[in-house]
1. Need the full-extension length gain, residue 223 to residue 103, defined as separation in residues times 0.36 nm minus the C-alpha distance. One decimal, nm.
2. Between the helical axis of 215-225 and the dominant principal axis of the chain, each derived from Cα atoms, what acute angle in degrees is found, rounded to the nearest 10?
3. Calculate how steeply helix 42-55 sits against the longest principal axis of the alpha-carbon atoms of the chain, using the helix alpha-carbon long axis, and give the answer as 0 to 90 degrees to the nearest 10.
4. Stick to the Cα atoms of the range 42-139, pair each with every other, and give me the Kirkwood hydrodynamic radius in Å at one decimal.
5. Listed highest first by mean packing, meaning other Cβ atoms within 10 Å per residue, what order do 205-214, 15-24 come in?
6. What 222 nm value per residue comes from the helices of the chain, counting each DSSP H run with n ≥ 4 as -39,500 (n - 2.57) and dividing by all residues, nearest 500 deg cm²/dmol?
7. Between 277, 38, 51, where does the largest GNM mean-square fluctuation fall for the chain, given springs only between Cα atoms within less than 10 Å?
8. Only bridges whose two residues both fall in the chain count here: according to DSSP, what percent of them are antiparallel, nearest 5?
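Read-outs: derived from the displayed coordinates by stated rules, not from any lab. Note that the coordinates shown come from a computational prediction; the quantities given were computed from them, not determined experimentally. Virtual Cβ from ideal backbone geometry, glycine too; neighbours counted across all protein chains shown.
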Ligand SMILES: Cc1ncc(COP(=O)(O)O)c(C=O)c1O
């Protein structure tokens, strides 16, 4: 097998005592996924999806994206020597993520409408010969790759944490994290996926998704885990984003701070891990706000 990798995974797990104190969490840890090769957790799944696509003779990756899947698919396609076509809702994507795509030769197709419109368009493009769909909503490979974060967290801590919070967009990552803990660690922490109240136009551009493809699985996993689904305002996200930077020196993108904002609403005890999903340089526009 010709493995297509950029060195994804093995990201830092950082103790966050000052942030923990701010949110009343005794033992808080940050799983820093912004340290992945293209700056987000998407790389874990894209490495698996691209490797398997190349094995099947695919010559074009197709996806719809709020930005990070775009950056990741373009980079892994370049690495594999194949094409990447990325469909995005016009005007809704952070500029730096589009730069990441163009820098490695990916093709961007803008459509008017929402992420769901972009998703439908990408599905149609992916049905053309030689193409494959690499959204987590259409690719088990993506989910399987993203499951690895659960095993890593357990390895780094010496066991599963009591609770995990993470941002919730389409729900693929929540689904992958739940499966990872259940299948690779045999212990499911209380899960707290955190969504933005202003889903279609939240400041957290990476989670501007109104119809989460994985919604059913997210609800089932949350119930099995004893956690809950949390909704936060943009003000709470921006406040958490600032706290994460100022108190721990971790510069994430705004969407990634949703999991931190959720701490104020989660009924957690003991050791909590927040999955901080993407790097701040990808979406820095609101820093001055
Ligand atoms: C930085 C970031 N965080 C969180 C998410 C949400 O992940 P999911 O759509 O798998 O729920 C995304 C999705 O694009 C993202 O880019």
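1. Stretched out fully, the residue 223 to residue 103 stretch lengthens by 39.0 nm.
2. For helix 215-225, the angle is close to 30 degrees.
3. 30
4. 12.8
5. My ranking of the peptides, most packed first, is 205-214, 15-24.
6. Value at 222 nm, helices only, nearest 500: -11000 deg cm²/dmol.
7. Maximum fluctuation in the GNM of the chain, among the listed residues, is at 51.
8. Bridges in the chain are about 15 percent antiparallel.
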